[in-house]
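K.L.:
Below is the structure I would like to discuss, written out as structure tokens.
The values are calculated or read from the model by the stated rules, or taken from the named source; none is laboratory data. No experiment lies behind these values; they were computed from the predicted model shown. Here Cβ is always computed from backbone atoms with ideal geometry, including for glycine, and neighbour counts include all displayed protein chains. With ligands, DNA and RNA removed, areas are computed over all heavy atoms of the protein, side chains included. Shrake-Rupley method; radii C 1.70, N 1.55, O 1.52, S 1.80 Å.
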Amino acid sequence: MTFDHDVVIVGGGGAGLRAAIAIAETSPSLRVAIVSKVYPMRSHTVSAEGGAAGVIASTDTYDEHAYDTISGGDWLTDQDAVELFVAEAPRELLQLEHWGCPWSRKPDGHIAVRAFGGMKKMRTWFAADKTGFHLLHTLFQTALKYGAIARYDEWFVSKLLVDEGRVQGVVAIEMATGRIEVITAKAVILTTGGGGKVFPFTTNANIKTGDGMALAYRAGAPLKDMEFVQYHPTGLPFTGILITEAARAEGGHLINKDGYRYLQDYDLGKPTPGPVLRNMELGPRDRLSQAFMHEVAKGRTTDSPYGPVVHLDLRHLGAKLIDAKLPFVRELCQRYQNIDPVTELIPVRPVVHYMMGGVHTDIDGATPLAGLYAAGEVACVSINGANRLGSNSLPELLVFGAKAGMAAAEYASGGSAATAPASAIQAQGEDERTRLEQLLTKSTGTERIADLRDAMHVVMEQGAGIYRSADTLATATDAIAEVRARYPHVRIDDHSRTFNTELISALELGHLLEIAETIVVSASRREESRGAHQRTDFPNRDDDRYLAHSLAERGPDGGCQVSYLPVKITRWPPGERVYGR
């Protein structure tokens, strides 16, 4: 059986739903399909807590939001994309308001905004500390209005179909039955999120396995800036669950084992002049994570069963404020750490949070592969550069989800979206069915999924973490190559067809290993320190050599090849990286 649509969207989170709505609104005659490996309301967008940045105050401007984003990204952002983003973000957030998103309000009824790390002005809209939950609910119920949007919930996409340099659809597994089907389309939009599960400690859900990045990479689309992986400074040490930046925006303090607010000892690019002690917890995420590592080296952290930690102190905020503005933080601490932040310190450590890199796209979400588009964390339209500012990711998926949807709709409606011969597509589909059947039924494998995943985690944490060097990256590159060589020998013991999670885990591991290789190879090539990419052997930023995006492409032998693309500068020449100035 073959399912046929005009546009297939892979991923049912915020970016995917926004893309589907944009298509339904602008081209209602097109048949749209959302293929998601989870029910859309279980997408990782739901876990975003702190808020969404958009200029709304009369004292704020687009230029200030743009400058904060460009400087925060250490000048690796494409400034044309940033300018479009900051102009469109408030419109998208107001559109969510009209669709029913319950933004928190000031007493006078106006939209409430809070401070966020690296931002000069208070411009982060929020819905208590469950912003992603409400945003995703709003998009999901809005999408239900459109009959042209079909959903394939709990289907796992294993391959992009490509013929004559054009994407023609996907092959997907229906998890409930195990059947493997071809879903054809004139255009495909990837909205699968990031790949934080390539690291052992992450705020990301288990579904964040780099699926869309790996699918695009295998199909011939380059991945851009994969060496830039953001650590969030406040994750719970065992689970990696995020304690939102909003906790620090509301006045939380980071303290070491001596009860000292240690960030005052570090250069965070802090504002001058200004009240340093008030602002320092809202320094950029990469700088705060690096400061933690220095505290570890100085012996000023607290040991825990899950490694060294510092503490986040909210006690002085009081129960009334915490329950009003940070209720989810309190709930998470009580459920997962068995502590109450009203009266107790919260143990935290840096955990992998976000990938600045992703599938290379232009400002409309188009990749170099005809018919393939991407939006959200899976994509790299280059507004985040070397370090994403907190609260930019939710408006990013709205702005560029809509842009990708409209661009894909135009492509699918035009004459350039040539349809491949059915025989060619079916042949690719049969090849993929054969591959998946062989993986499912073979019983001769010697490698365990968990063992390979654990080996990858150790390699990535030790070799490509917050600080890197030529030696650690060379070791990591060799070790990832070794794990990849072992992967074809993976064994699956569950041969059933219904919700075979072992098969899905094996496929996800293959995606993660592809992504891991692009990270370590891209990081080894970039001989400078910039944003989240910190080289101990090259401690300075080098604009002469590396004011450029890395492009990782799969070579003929399956290995990773890296080239470079100039950064687009419009109005802000590279300068000293500061925030709040």
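K.L.:
Checking the condition open to solvent by less than 30 Å² (accessible area, probe 1.4 Å) and acidic (Asp, Glu), which residue from GLU432, GLU461, GLU502 passes?
P.N.:
From the options GLU432, GLU461, GLU502, the qualifying one is GLU432.
K.L.:
Still on this structure, please answer the following. Among the listed residues GLU64, GLU88, GLU83, GLU92, identify the single one that is assigned to a helix (DSSP H, G or I), free of Cβ contacts under 8 Å to residues at least 60 places away in the same chain and open to solvent by 10 Å² or more (accessible area, probe 1.4 Å).
P.N.:
Going through GLU64, GLU88, GLU83, GLU92 in turn, the sole match is GLU64.
K.L.:
For the stretch 416-446, which positions are among the charged types (D, E, K, R) and modelled with pLDDT of 85 or more?
P.N.:
GLU430, ASP431, GLU432, ARG433, ARG435, GLU437
K.L.:
Select from the stretch 104-131 the residues that are open to solvent by 20 Å² or more (accessible area, probe 1.4 Å) and either of a type in the set (Ser, Thr, Tyr) or assigned to a loop (DSSP other than H, G, I, E, B) (or both) and list them in ascending order.
P.N.:
Within the stretch 104-131, SER104, LYS106, PRO107, ASP108, GLY109, HIS110, ALA115, LYS120, LYS121, MET122, ALA128, LYS130 meet the criteria.
K.L.:
Go through the stretch 182-258 and tell me which strands (runs of 3 or more DSSP E), entirely inside it, have 3 or more residues that are buried (at least 24 other Cβ atoms within 10 Å of the Cβ).
P.N.:
Output list reads 187-190, 229-235.
K.L.:
Would the stretch 287-299 turn up any residue that is part of a loop (DSSP other than H, G, I, E, B), at pLDDT below 95 and either surrounded by fewer than 21 Cβ atoms within 10 Å (Cβ to Cβ) or not aliphatic (A, V, I, L, M) (or both)?
P.N.:
No, there is no match, as no residue in the stretch 287-299 is part of a loop (DSSP other than H, G, I, E, B), at pLDDT below 95 and either surrounded by fewer than 21 Cβ atoms within 10 Å (Cβ to Cβ) or not aliphatic (A, V, I, L, M) (or both).
K.L.:
Can you find, within the stretch 38-47, the residue that is surrounded by the fewest Cβ atoms within 10 Å (Cβ to Cβ) among those that are in contact with a Phe, Trp or Tyr (Cβ under 8 Å, 6 or more places away or on another chain) and either among the hydrophobic types (A, V, I, L, M, F, W, C) or part of a strand (DSSP E or B) (or both)?
P.N.:
MET41
K.L.:
Quick test for you: out of ARG491, ARG484, pick the one residue that is open to solvent by 50 Å² or more (accessible area, probe 1.4 Å) and touching a residue at least 40 places away in the same chain (Cβ under 8 Å).
P.N.:
Only one candidate passes the filter, namely ARG491.
K.L.:
Could you grab me the full set of residues in the stretch 132-163 that are in a strand (DSSP E or B), over 23 Å from the mean Cα position of the chain (by Cα), farther than 12 Å from ILE9 by Cβ and modelled with pLDDT of 95 or more?
P.N.:
Selection gives LEU161, VAL162.
K.L.:
Collect the residues in the stretch 14-37 that are outside any helix (DSSP H, G or I) and open to solvent by less than 10 Å² (accessible area, probe 1.4 Å), keeping them in residue-number order.
P.N.:
Of everything in the stretch 14-37, those that are outside any helix (DSSP H, G or I) and open to solvent by less than 10 Å² (accessible area, probe 1.4 Å) turn out to be VAL32, ALA33, ILE34, VAL35, SER36.
K.L.:
Take ILE492 and tell me if it is closer than 22 Å to GLU508 by Cα, in contact with a Leu (Cβ under 8 Å, 6 or more places away or on another chain), not charged (D, E, K, R) and not in a helix (DSSP H, G or I).
P.N.:
When the stated conditions are applied, ILE492 passes them.
For (1) out of contact with any Leu (no Cβ under 9 Å at 6 or more places or on another chain); (2) surrounded by fewer than 24 Cβ atoms within 10 Å (Cβ to Cβ); (3) in a loop (DSSP other than H, G, I, E, B); (4) of a type outside the set (Gly, Ala, Ser), each residue gets a yes or a no:
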{"residue": "ARG330", "(1), (2), (3), (4)": "no, yes, no, yes"}
{"residue": "GLN334", "(1), (2), (3), (4)": "yes, yes, no, yes"}
{"residue": "PRO347", "(1), (2), (3), (4)": "no, yes, no, yes"}
{"residue": "ASP362", "(1), (2), (3), (4)": "yes, yes, yes, yes"}
{"residue": "ASN384", "(1), (2), (3), (4)": "no, no, yes, yes"}
{"residue": "LEU394", "(1), (2), (3), (4)": "no, no, no, yes"}
{"residue": "GLU410", "(1), (2), (3), (4)": "yes, yes, no, yes"}
